[in-house]
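Chemist: Please find one structure pasted underneath; my questions will follow.
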Amino acid sequence: MIYPIVVFGDPVLRKKASDIEKDSIDVKKLAEDMFETMEGANGIGLAAPQIGKPIRMFVVDGTGIEEEEMKDFRKVFINAEILDETGEEWKFEEGCLSIPGIREDVSRNENVTIKYFDEEWVAHQETFDGMRARIIQHEYDHIEGVLFTDYVVSPLKKRLLKSKLANVSKGKFKADYRTKLPTK
Ligand code: NI
C-alpha cells in the first residue's frame, strides 16, 4: 500500500516520535508499505512521520545507487537510538520527499553508531560511514522532529528558504508522487 507523503507544515513532522511497543503493530507490513511508498517516490529513505505516523521507524534503500557500499543497504530501523557520531563533518546537498523542490548543503559527521531493531525484532548495534551514515542521520532526524532545512544558518539563506517552505506548505510545488498537504 502506497501512502501519500506528508509535506512541510504538518505538525507530525515536528514531533519527537514515540517508541513502538513490540507486537503493538505489524511492523513487517508497515515496512513493506514504507518501502513501496518510498520506491514510488524514488526516495532512498523514508521515516514513519512522513506518512503521518509519529512512531520511531524508518526505512532506507541505497541499492539503486551504483556504489559498492550501497550493495546491501536496504534496512528497517525500529526504535533506533544514535549512540555516537564521530569523524569529520562533510557537506552534501540533501533533499527530502516531504520538502519537494528544495535542496540545501548539510554538514554531518562521517560516522554514526546506532542501535535499533529490525522488522524481525532482532537487536543490532552498527557503525556506518559516508553516504550510508548520512542517509541514516537524515532519517533519524525525522523521528526527532528535525528537518534538513533546520541546518541552514546564514540569515540570507534562511530568509529565502522561509518563503520557499511557505510555498511548499501551501501546495505550490511539483512532485510526481502523491502528497498530503497540511490541514489548516
Ligand atoms: Ni527527509
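Bear in mind that the values in this text are calculations on the coordinates, not laboratory data. Just so it is clear, the model here is predicted, and its values are computed rather than measured. Here the Cβ is made from the backbone with ideal geometry for all residues, glycine too, and neighbour counts use every protein chain on show.
Chemist: Using only DSSP helix segments of four residues or longer, with each worth -39500 (n - 2.57), what per-residue ellipticity at 222 nm results for the chain after dividing by its residue count and rounding to 500? Intermediate results must be reported in sequence, preceding the final value.
Modeler: Values: 3 runs with 43 residues, N = 184.
Calculated at 222 nm, the ellipticity per residue is -7500 deg cm²/dmol.
Chemist: Assuming R0 = 41 Å, what is the FRET efficiency of His124 and Thr179, from their Cβ-Cβ distance, to the nearest 0.05?
Modeler: 0.80
Chemist: Remind me, what semi-axes does the stretch 55-124 give for its equivalent ellipsoid, largest first in whole Å, using sqrt of 5 times each Cα gyration tensor eigenvalue? Can you show the working numbers first?
Modeler: Details: eigenvalues 97, 54, 42 Å².
For the stretch 55-124, the semi-axes come out at 22, 16, 15 Å.
Chemist: Residues of the stretch 1-34 with backbone nitrogen within less than 14 Å of a virtual label 7 Å along the Cα-to-Cβ line of Ser169, please, listed as ranges.
Modeler: Of the residues in the stretch 1-34, 7-15 have backbone N under 14 Å from the label point off Ser169.
Chemist: Taking the Cβ of Asp19 as the centre, find all other residues whose Cβ is under 14 Å away and add up their charges (Lys, Arg: +1; Asp, Glu: -1).
Modeler: Overall, the nearby charge balance is +2.
Chemist: Report, to two decimal places, the Cα Rg of the chain normalised by 2.2 N^0.38 Å (N = number of residues).
Modeler: After normalising by residue count via 2.2 N^0.38 Å, the value is 0.99.
Chemist: What whole number of Å gives the distance from the Cα centroid of the stretch 113-135 to the Cα centroid of the stretch 57-107?
Modeler: The distance from the Cα centre of the stretch 57-107 to that of the stretch 113-135 comes to 11 Å.
Chemist: Trypsin sites (Lys or Arg not before Pro), restricted to the stretch 95-127: which are DSSP loop and have at most 14 other Cβ atoms within 10 Å?
Modeler: Counting only loop positions with at most 14 other Cβ atoms within 10 Å, the trypsin sites (Lys or Arg not before Pro) in the stretch 95-127 are Arg103.
Chemist: Suppose each label sits 7 Å from its Cα in the direction of the beta carbon; what would the Asp150-Lys22 distance come out to in nanometres?
Modeler: So the label points at Asp150 and Lys22 sit 3.0 nm apart.
Chemist: Still on this structure, please answer the following. When only DSSP loop residues count, what GluC sites (Glu not before Pro) in the stretch 30-128 have their Cβ near at most 15 other Cβ atoms within 10 Å?
Modeler: Passing sites in the stretch 30-128 are Glu66, Glu67, Glu120.
Chemist: Then there is this: Which value in nm describes the separation of the simple spin-label points at Thr86 and Ser107, placed 7 Å from the Cα toward the beta carbon?
Modeler: Each label point is offset 7 Å from its Cα along the Cβ direction, giving 2.0 nm.
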